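The values are calculated or read from the model by the stated rules, or taken from the named source; none is laboratory data. Keep in mind the model is a prediction, meaning the values are calculated, not measured. Heads up, the Cβs are rebuilt from the backbone with ideal geometry, glycines too, and the neighbour counts pull from every protein chain shown. Accessible surface is based on the protein model in full, side chains and every heavy atom, while ligands, DNA and RNA are left aside. Shrake-Rupley method; radii C 1.70, N 1.55, O 1.52, S 1.80 Å.
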Amino acid sequence: REGMRSNAGKATLALPPFAELSADDQMARVRAARNELLKSDEFARCREAAWRAVDAALDAESEAVLTRRPAAAAPLRQSPAAPSTGLSAALTPPPEVSACGKVDAVIELAGLGAAQLLSRWPVDTELGWEAQALAWLLNSELPPPLRRTLWRIKLRARDARSRFLAKLAESPLAIISPRDAEILQQCQVALLSADPASLSDLQRMRACASYVDSTDPIRFALEQRAIAAAVAEEAAAGSPASAASLPRKPAPPREAFWLVPLLWVLPRSECDAAELAERYTAMLAAAKPHLPSATGKIITPPAGRDGARLPDAMQLVAHADAALGAHIERAMGGALPARSLTSVHSSRLGVGLFSVAATQFVWDVGIISGWEHVEHCIASALILIRAGLLACAKSDALKAYMEATVPQLTVPQLRAALERHYMPEIRRNLHAPAPDDILPLEPSELVS
C-alpha cells in the first residue's frame, strides 16, 4: 500500500504501488529488477546449480530410456481417455521413446516434463485469465508431448464427451449421421488434400465427423452454403475464366479440414473416440472472427472484438510488403480477386496449404493467440516466396506457384517471418511477453 521505495544514498524516493502503475510501467519495473538480478552472484550460482541438476537428471533418464528401448520403440505418450476436468492423471510416461539418439530422447523427455507441469493448469477460473496466460509459448516450436497437452487444455468442451458416451450407450447407430456416406467422401477428400499418408485415419475421422453432424446437421448445411456463396461472389468479381472454373461439385465444408490436425496431434493410441469428439466439438465452437459466419441465407462478414473488419492475408501482405501486395493485386485483376488467392486456405485454417509440421505450428499460433492469426501465418508464407510470386504474371500461375511452394516451407522459416513482420504487434495486443522478457535456462561454459 505504501508503494515501493528506492534508497539512493541518504535520499529516499517514494514510488506508487505496483498495482497502480500502467502495464508499460509495470513491465519496465520488472525488466529493471530482472536486469539487476541477472548481474548478481546469487543468480549465477543458482543458475549453475539448477542447470547441473536438470542436466544430470536428463542425462540419466535418457541413458536409461535408450538402454531399455525395444527395437520398435513407441513414442512417449499420454494415456488415452483423459477426462475433460483434468489432465494430471492422464500423463503416464512409458519406459521408451521413439527417438533415434540421445539428443532426441532428451527433447522428448523435456517435452513430456513440460506437459506434466501444464497438465496442472486450472480448467476454469472466474476471470478466464487462462485464455491468454499461455501466450509466452507463442511462435515457439513445441515438442509433441507439449503440443498435445496444450491443445487439450485449450480445446475443452465440458459436456461433449458425456453426450457422446450417452448416445453411444443408447445404440451404436445413434452416433451415425444420415449423411454418413457423403461425410465419408468429404473426409477422404480432406485427408488427401492435407496429407495422403493419413488415409489410415479415414474411418476414425468419418466416425467423429458423422457423430458431430448427427447432433447439428443444419449448421453444416449453412456453413457449406456460406462458403459456396463467398467463393462464387469472389469469382464473379474476377475474370469470366475464374467464374467458369468454379468446381461443379462443392468441396468438403471447411469443418472437415479442421478435424485433420486433431488426428495428427491426438493419434489413436493417445485419444479415444469420446475424447476426439470433445476436442472437435470445442474446435468447432472456438471463436474464428476472421471467417464469415452463416445464418440462413445471410453471410456475416468477419469482424474483430471492436467491430472493425479484421485484415485478411492479402491486406497483411500489402502492409508488410507493399510491392508484393500490389503485384498480386495487379496479376489477380483487382483487390477482391486477390483475396480469393488465399480465402479458401484461410477458411480451412491452413490445412492443405502447409506441410504437416507447419500446419501444426500454425495451429499452435491459432490455439494460443486466436484463430484470426492464421491469416498472419499465410501472409508470412507469401512473403517468404515473394521472389517466385513476383515472377508470375497471371492469376493461374500465382495460385499454382503458391500451392506448390508453400508446402515446402519449414517451421523455422515461418517462425522467422512471423517474428520479423507480425509477432511484435500480436504480442502487444495480447499483452504477451516478448522473447527477451523470458529467461531461458541455459548452460554456462562450466557445464559440459
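A few points about this structure:
- Taking the criterion of being open to solvent by less than 10 Å² (accessible area, probe 1.4 Å) and either under 9 Å from the mean Cα position of the chain (by Cα) or of a type in the set (Val, Ile, Thr) (or both), the residues of the stretch 350-367 that qualify are Val351, Thr359, Phe361, Val362, Trp363, Asp364, Val365, Gly366.
- Pairs meeting the criteria (first residue in the stretch 43-60 and farther than 12 Å from Ala110 by Cβ, second residue in a helix (DSSP H, G or I) and of a type in the set (A, V, I, L, M, F, W, C), beta carbons under 7 Å, at least 6 apart or on different chains) are Phe43/Leu37.
- Residues within the stretch 309-341 that are within 11 Å of Ser395 (Cβ to Cβ) and of a type in the set (D, E, K, R), tallied: 2
- Among residues of the stretch 145-170 that are on the phi < 0 side of the Ramachandran plot, those with a beta-carbon under 6 Å from a residue that is of a type in the set (D, E, K, R) and crowded, with 17+ Cβ neighbours inside 10 Å at least six positions away or on a different chain give the pairs Leu155/Arg279; Ala157/Glu278; Ala160/Glu278; Arg161/Glu278.
- Single residue of Tyr422, Tyr401 found to be among the aromatic types (Phe, Trp, Tyr) and open to solvent by 40 Å² or more (accessible area, probe 1.4 Å): Tyr401
- Of the helices (runs of 4 or more DSSP H) contained entirely in the stretch 156-241, those carrying at least 3 residues that are modelled with pLDDT of 80 or more, more than 22 Å from Arg339 (Cβ to Cβ) and not basic (Lys, Arg) fall at 160-170, 180-194, 202-215.
- Members of the stretch 326-336 that are open to solvent by 10 Å² or more (accessible area, probe 1.4 Å) and assigned to a helix (DSSP H, G or I): Ala326, His327, Glu329, Arg330, Ala331, Met332, Ala335, Leu336
- Any hit, the stretch 113-135, residues being open to solvent by 10 Å² or more (accessible area, probe 1.4 Å), at pLDDT 70 or above and charged (D, E, K, R): no
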